[in-house]
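Chemist: Would you mind keeping the following structure in view while I ask a few things?
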Amino acid sequence: MSLTKTTEISKIEVVGTWNIQVATDTVIKEDGNELSRSRHRHVLTPYYSSLKMKKVDGANVPDLDSNGKKQWVHEDVDISKESSQVKAIANVIWTDDVKTAYKTWKESQEV
């Protein structure tokens, strides 16, 4: 009896302008016969975005610029551990214009 466990990408979808949805299946086989399959999904966007925060009287509050506007921090999403197919898609669709549009959209959302 030989058990094997493999992971395979079953689907990569571009949804909207910047979302990349990845479905990965984990397959367990015994002597080449599939016993089980489970699916994991995750979504990638160009950045991890968050409000810039500061401490005031021991509490975390949004850091405001000189005009009273909330400041944001946008960190590139690490795709180094993604498959070569996902990396290729991200490198094609996440143009500078798309990244700028994502930042603008994200900053317009209420946190």
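Chemist: Which members of the range 24-69 meet the condition of being touching a helix residue (DSSP H, G or I) at 6+ places or on another chain (Cβ under 8 Å) and over 30 Å from THR4 (Cα atoms)?
Modeler: If the condition is that a residue be touching a helix residue (DSSP H, G or I) at 6+ places or on another chain (Cβ under 8 Å) and over 30 Å from THR4 (Cα atoms), then THR45, PRO46, TYR47, SER49 are the ones that fit.
Chemist: Go through the range 73-90 and give me each residue that's over 16 Å from ARG41 (Cα atoms) and touching a residue at least 24 places away in the same chain (Cβ under 8 Å).
Modeler: The answer is VAL73, HIS74, GLU75, ASP76, VAL77, ILE89, ALA90.
Chemist: Looking at ASP31, ASP57, ASP65, ASP96 in this structure, which one is acidic (Asp, Glu) and at pLDDT 95 or above?
Modeler: ASP96
Chemist: Going through LEU51, LEU44 one at a time, which residue ends up being without any contact (Cβ under 8 Å) to a residue 60 or more places away in the chain, hydrophobic (A, V, I, L, M, F, W, C) and out of contact with any His (no Cβ under 6 Å at 6 or more places or on another chain)?
Modeler: After applying the criteria, what remains is LEU44.
Chemist: Show the residue pairs that are 6+ apart or on different chains and have beta-carbon atoms under 9 Å apart, the first residue being within the range 12-36 and more than 24 Å from SER84 (Cβ to Cβ), the second being of a type in the set (Asp, Glu).
Modeler: Going by the 9 Å Cβ cut-off, the qualifying pairs are ILE28/GLU34.
The values are calculated or read from the model by the stated rules, or taken from the named source; none is laboratory data. Remember, predicted model here, so these are calculated numbers, not experimental data. Note that each Cβ is placed from the backbone with ideal geometry, even for glycine, and that neighbours are counted across all protein chains shown.
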